[in-house]
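One structure below.
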Amino acid sequence: MKYEPRNQKLLVQGDPIAERTESGLIIPKDDSIPFRTGEILAVSPGVMQDGNLIVSEYSAGECLVYLTARAIKLPGEDLFLVDEKDVLAILTE
């Protein structure tokens, strides 16, 4: 199935949040983590503004750091819709 987000949204496969550190400390599962990381799976085609198409500056395959997202539960997949304005950084090697 192909997903195509709309309205300056990015479809992201979020990286799992570690439940235990390398030293063995258990991290409680809650929403207190201020940001998350993930890989962009799909990008909206853009949005019309003043008669012009404004295209996204992001591309599928890029890894990013984002602040907030809307969770999407699909069979076998946990995905997130991220507003472009909530992207904090692109991760590069």
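Here are some notes:
- Proximity of backbone amide H atoms, modeled 1.01 Å from N, is registered between G38 and D15, L64 at under 5 Å, excluding neighbours fewer than 5 places apart on the same chain.
- With K and R counted +1 and D and E -1, the other residues having a Cβ less than 10 Å from that of Q13 yield a net charge of -4.
Bear in mind that the values in this text are calculations on the coordinates, not laboratory data. Just so it is clear, the structure is predicted and the values come from calculations on it, not from any experiment. Cβ coordinates were reconstructed from backbone atoms using ideal geometry, including for glycine residues, and neighbour counts include every protein chain displayed.
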